[in-house]
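J.: Starting off with a structure, shown below.
The values are calculated or read from the model by the stated rules, or taken from the named source; none is laboratory data. What you see is a predicted model; the values in this text were computed from it and never measured. Don't worry about glycine lacking a Cβ; one is built from the backbone with ideal geometry, like all the others, and counts go over all protein chains shown. Surface areas here come from the heavy atoms of the whole protein model, side chains and all, with no ligands, DNA or RNA. Shrake-Rupley method; radii C 1.70, N 1.55, O 1.52, S 1.80 Å.
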Amino acid sequence: MRRLLPLLAATQAYELCVGQDYWSIMNYTAVMGKPACVMSYASLYNLTAALWNGTEYGSGVEHASRLLESLPDADLQLGLWLVGGLDDINNGFWDDAISELVNFVRWAAPRKIYIRIGYEFDNPQNEYDPVSYKVAYSRIADALRHEPNAVRVWHSWSFPETYEGHSYEEWWPGENKVDFCGVSIFQQAYGDSPMGDLATAKDIARFCRDHKKPLMVAESTPFGVGDAESRDTIWERWYEPVLAFVREERVAVWCYINDNWDAQRMWTEGGTFWGDSRVEAYADLALHWRRAVLASPTRLVASGAGGGHYVG
């Protein structure tokens, strides 16, 4: 058995959040138990479908209300898609949808709803102009500011390459608009990816500490596991560096995407293969996960009823 990484100090805990589609989460829960938090995604431009009716974008079923009904004590981390509509948001065209989002947050209370407003704002694929993004982010953040269970998350994709070369600070909307900061960790954890390492995520962590904002790993998965990355070394190559980042950067919420990416159309189009990150599906990985994540006495994990609590 490969060695287990020594984990967090006895005084530290984080909230474990599992994603990212309905059935992947429920399959994880059936084997590993109920997580303290679950992930879902919604487009502001088709909000009712993802929050209330259920929809499929080619990446599994997104159905936020059903998730919370199935796991009634879990918090929710919601990725809010804003691509292609910043000007319309800023002109007020989507104000009714923003009101629907607020009403969903009220319906879900007292559970925390972490809302990643225009997630991965600096990802070149999203093409968010920093000025327009800050206005749109602020419009949504202001609508949520009086909801006690709403947590407004400013989330960087955390790679060196950004949209049009802007610095991530250029997307910062201001102290009173942000409750949490978020980073993504994919290939960076390997340390030898041509796309970059964890240096950018660590820079953002420092920036957020300077602004006194808690840090969330908002999306993470061992990119390419079972395809380009061998399962024999994946714990040392990816999970250990991520858990070290969680410890060293005092992460408050760790969101892990537990999916068979290669079985979902969105992630295989164009010949890119993300792998299969399901911890419950592989015995060696499941053993590591139980010992290092679920059984560790300092973790903030799910109780028998599904709510987060400190154990030990």
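J.: If we restrict to alpha carbons, what Rg and Dmax does segment 16-69 come to, in Å?
T.: Gyration radius and largest Cα-Cα distance of segment 16-69: 10.8, 35 Å.
J.: Moving on to the next point. Taking a ≥ b ≥ c as the square roots of the eigenvalues of the Cα gyration tensor of segment 221-264, is the shape rounded (a/c under 1.5), prolate (a/b larger than b/c) or oblate?
T.: oblate
J.: Further question: Between S99 and T272, what is 0.36 nm times their sequence separation minus the Cα-Cα distance? Round to one decimal in nm.
T.: 58.6 nm is the gain from fully extending S99 to T272.
J.: Filter the chymotrypsin sites (Phe, Trp or Tyr not before Pro) in segment 93-135 down to the DSSP loop ones having no more than 14 other Cβ atoms within 10 Å, then list what survives.
T.: Loop-located and lightly packed - F93.
J.: Name the residues whose placed amide hydrogens come within less than 5 Å of the amide hydrogen of I185, ignoring near sequence neighbours (fewer than 5 apart) on the same chain.
T.: E219, S220, T221
J.: Further question: Note down the magnitude of the dipole of the chain about its Cα centre, charges +1 on Lys and Arg C-beta and -1 on Asp and Glu C-beta and zero elsewhere, to the nearest 20 debye.
T.: So the dipole magnitude of the chain works out to roughly 1360 debye.
J.: Multiply the residue gap between Q125 and D87 by 0.36 nm, knock off their C-alpha separation, and tell me the result in nm, one decimal place.
T.: 11.9 nm
J.: With every protein chain kept in place and ligands, DNA and RNA left out, what is the accessible area per residue of the chain? Probe 1.4 Å, answer in Å².
T.: Numbers: 12310 Å² over 312 residues.
Here the per-residue accessible area is 39 Å².
J.: Once both axes come from the Cα atoms, what is the angle between helix 199-210 and the longest principal axis of the chain, in degrees from 0 to 90, rounded to 10?
T.: 60
J.: Using only DSSP helix segments of four residues or longer, with each worth -39500 (n - 2.57), what per-residue ellipticity at 222 nm results for the chain after dividing by its residue count and rounding to 500?
T.: Theoretical 222 nm ellipticity from helices: -7500 deg cm²/dmol.
J.: If r is the Cβ-Cβ distance from W23 to D142 and R0 is 35 Å, what FRET efficiency results, to the nearest 0.05?
T.: 0.50
J.: Using only Cα atoms, what Kirkwood radius does segment 133-290 have, in angstroms? List each step's numbers first, then the result.
T.: On the way: mean 1/r = 0.0591 Å⁻¹.
Hydrodynamic radius (Kirkwood, Cα pairs) of segment 133-290 is 16.9 Å.
J.: Label points 7 Å out from Cα along the Cβ direction at R231 and D284: separation in nm?
T.: My value for the distance between the label points is 0.9 nm.
J.: Ranked from highest to lowest mean number of other Cβ atoms within 10 Å per residue, what is the order of the peptides 230-236, 187-193? Write out the running numbers ahead of the final one.
T.: Working: 230-236: 14.3, 187-193: 17.4.
Answer by packing, highest mean first, reads 187-193, 230-236.
J.: Nearest 10 degrees, 0 to 90: what angle lies between the long axis of helix 95-108 and the longest principal axis of the chain (Cα atoms)?
T.: Approximately 40 degrees, to the nearest 10.
J.: Could I ask something else about it? Please compute the length gained on full extension between A49 and E69, using 0.36 nm multiplied by the number of residues separating them and subtracting their Cα-Cα distance.
T.: Numbers: separation 20, 0.36 × 20 = 7.20 nm, distance 1.60 nm.
Computed gain between A49 and E69 is 5.6 nm.
J.: In degrees, nearest 10, range 0 to 90: what is the angle between the Cα axis of helix 22-32 and the longest Cα principal axis of the chain?
T.: It works out to around 30 degrees.
J.: Rounded, prolate or oblate: pick one for the chain, where a ≥ b ≥ c are the square roots of the eigenvalues of its C-alpha gyration tensor, a/c under 1.5 means rounded, and failing that, prolate if a/b is larger than b/c, else oblate.
T.: rounded
J.: Report in % the part of the accessible area of the chain that belongs to carbon and sulfur, leaving out ligands and nucleic acids; probe 1.4 Å.
T.: Here it works out to 51 percent.
J.: On to the next question. Give me the net charge for the shell around D95: Cβ to Cβ below 13 angstrom, other residues only, Lys and Arg +1, Asp and Glu -1.
T.: Working: positive: R139; negative: D88, D96, E100, D142.
That works out to -3.
J.: Also, I was wondering about something else. Just give me a number: lysine pairs in the chain, eight or more positions apart or cross-chain, with C-alpha atoms less than 29 Å apart.
T.: 16
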